[in-house]
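Notes follow once the structure below has been shown.
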Amino acid sequence: VTDMLSRAATAGRDLGGCPVLHRDFAPAQPAGCHWELAKELREGSPVYFNTFAQGYWIFTRHEAVKEIYKQPEIFSSESITPWQPDPIYRFVPTQVDAPDHIKYRRILNPWFGPRAIDAAEDRMRDLCRRLVDEVAPAGRCDFVADFGLRFPTEAFLSMIGIPPAEADRFVRWVEDFFGGFGGDPEGLAAMTAALDGIRAYWAQALDERRGEAEPREGDLASHLLHATFDERPLTGTEMLDMLTVLVLAGLDTTRGELGYLFRHLAERPEHRRLLIERPELIPTAVEETLRYYTIVFGDGRKVTRDLEFHGVQLKKGDMVYGLVSGANRDPDAYEDAGSFVIDRKRNNHMGFANGPHRCLGMHLARREMQLAVQEWLRVIPDFRIAPGAELTERGGGAMMTLERLPLEWEVAG
Amino acid sequence: MRLVVDGAVCMGHGRCYALVPELIECDDEGYPTLRDVPIDVPGDLVDFAEEAAGTCPEAAIRLIAD
């Protein structure tokens with residue numbers, strides 16, 4: 001059905017001679033395929049029209065992706081999934097434009113600023129150590145399930161005042177939500193149920209805290225009940241939308257990056273040794289991971305007015321897709337763009353997006369990745385991918401992430 | 001050399017103050033405290049200042065030669 005609709009929508013449309021493709025980016029692929037695809041697309045043309053769903057533009061190179069991010073008045077965040085111009089969810093502040101966007105962000109920024117992360121570091125390190133200590137004696141684990149999603153979930157919950165013991169149910173919701181994010185109809189029911197579950201959890205948490213005279217220390221839900229927007233309290237819907245997107249944006253993404261980082265370390269013993277000998281390089285290794293192994297295949301925006309952009313005529317209401325994964329390896333933007341340079345100094349990557357919507361949780365994500373490398377290498381300095389394991393990654397409909405990462409190591413004694 | 005952070009362009013990625021904490025401090029929201037105010041860069045920090053400018057994802061850092 002979508003095919004017929006998309007052909008009807010694009011029939012007679014002047015595409016300015018740009019190449020047309022018909023591609024669903026959602027299906028899982030062998031690990032690393034999405035970056036290969038992004039490279040092929042980038043080298044083939046700066047812009048494509050994809051007739052999948054209602055049809056949307058793909059911009060493949062660094063310069064155009066940056067311009068999309070930096071002109072939010074033209075490229076609205078009302079929808080960020082180009083195959084779903086009118087999604088069933090509304091993330092706040094992710095899908096809010098100026099002038100309201102920054103007002104929501106200012107409520108949340110201090111919770112995820114570097115100082116808040118510094119204050120939480122010891123607690124996060126303890127959580128990380130406990131998880132490493134749990135898996136270490138077995139000599140093997142599925143890194144993605146046993147560590148990659150658990151650590152960011154527990155760390156995030158501890159940052160916002162929810163007991164880490166609640167991690168299990170959040171892990172399940174996150175898995176179900178992203179199973180349907182790429183537009184797969186079978187996943188849609190589970191996605192909707194997960195959204196309902198998360199919202200019900202927060203609705204109850206807000207109810208329990210409502211009416212208290214003072215905000216609870218270190219408790220984000222309680223803090224939102226006392227926060228103001230243009231001098232009025234936040235509405236119940238706003239609070240639910242904000243808390244829900246934090247769960248969805250904060251857990252799955254870091255799991256994705258951790259998986260690729262640890263696959264890299266499993267395959268590159270010289271990099272493991274380097275980071276053990278020179279731990280001051282861990283932050284640059286993390287930044288390079290965010291550039292080279294960008295989990296955001298592309299980022300969508302909705303066009304607010306007719307304009308010409310990089311040689312094609314965009315119309316109001318069109319969806320565009322900035323291929324961030326291609327842009328971050330664009331040789332016009334980076335020296336040695338196609339290599340993982342562990343001590344890369346100038347690394348102005350867009351792994352956390354660009355412009356006003358840059359990732360709220362970036363400081364938390366970086367710190368989690370740094371802690372994971374420090375604590376894992378301290379206990380398990382040598383490890384490998386289990387022989388025969390076939391690694392696959394979830395499709396670029398959501399953020400890419402390894403579906404499994406079986407690791408093995410020698411256990412002393 | 002002087003360094004200035006363009007307050008309208010800066011989005012608080014935090015790469016600059018991670019690289020040169022001697023020059024740039026952050027506020028509670030993660031933005032540099034000194035925005036649109038040129039800071040003198042001591043000779044021994046020039047390399048770091050140049051690195052910070054090249055690393056800023058928003059290209060919000062400008063270096064002004066003496």
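Every read-out reported here was derived from the displayed coordinates using simple, explicitly stated rules and does not represent laboratory data. Quantities reported herein were computed from a predicted structural model and do not represent experimental measurements. Cβ sites come from the backbone with ideal geometry, for glycine too, and all protein chains shown count toward neighbours.
Per-structure values
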quantity	calculated
Residues that are farther than 17 Å from residue A:347 by Cβ and more than 10 Å from the chain's Cα centre (by Cα), drawn from segment B:13-32	B:22, B:26, B:27, B:28, B:29, B:30, B:31
Any pair with Cβ under 7 angstrom, 6 or more apart, that starts in segment A:345-361 at a residue that is facing another protein chain (nearest Cβ under 7 Å) and surrounded by fewer than 22 Cβ atoms within 10 Å (Cβ to Cβ) and ends at one that is of a type in the set (Phe, Trp, Tyr) and part of a loop (DSSP other than H, G, I, E, B)	A:358/A:352
Some residue of segment A:95-106 being under 19 Å from residue A:368 (Cα atoms) and either without any contact (Cβ under 8 Å) to a residue 60 or more places away in the chain or in contact with a Ser or Thr (Cβ under 7 Å, 6 or more places away or on another chain) (or both)	no
Meets criteria (crowded, with 21+ Cβ neighbours inside 10 Å, among the acidic types (Asp, Glu) and closer than 23 Å to residue A:72 by Cα) for residue A:306	no
Candidates B:4, B:37, B:9, B:46, filtered to the one that is of a type in the set (Val, Ile, Thr), surrounded by fewer than 19 Cβ atoms within 10 Å (Cβ to Cβ) and assigned to a helix (DSSP H, G or I)	B:46
Qualifying residue in segment A:385-398 (condition: within 21 Å of residue A:284 (Cα to Cα) and among the charged types (D, E, K, R))	no
Criterion (more than 29 Å from residue A:390 (Cβ to Cβ), crowded, with 22+ Cβ neighbours inside 10 Å and of a type outside the set (Gly, Ala, Ser)) met by exactly one of A:301, A:278	A:301
Qualifying residue in segment A:398-410 (condition: in contact with a Phe, Trp or Tyr (Cβ under 6 Å, 6 or more places away or on another chain), under 23 Å from residue A:290 (Cβ atoms) and among the basic types (Lys, Arg))	no
Selection within segment B:18-33 - surrounded by 15 or more Cβ atoms within 10 Å (Cβ to Cβ) and assigned to a loop (DSSP other than H, G, I, E, B)	B:20, B:23, B:24, B:27, B:29, B:30, B:31
Segment A:104-124, residues that are surrounded by fewer than 16 Cβ atoms within 10 Å (Cβ to Cβ) and in contact with a strand residue (DSSP E or B) (Cβ under 8 Å, 6 or more places away or on another chain)	A:115
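Here is a yes/no grid of residues against (1) touching a strand residue (DSSP E or B) at 6+ places or on another chain (Cβ under 9 Å); (2) of a type in the set (A, V, I, L, M, F, W, C); (3) within 23 Å of residue A:383 (Cβ to Cβ):
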residue: A:244; (1), (2), (3): no, no, no
residue: A:248; (1), (2), (3): no, yes, no
residue: A:256; (1), (2), (3): yes, no, yes
residue: A:262; (1), (2), (3): yes, yes, yes
residue: A:265; (1), (2), (3): no, yes, yes
residue: A:283; (1), (2), (3): no, no, yes
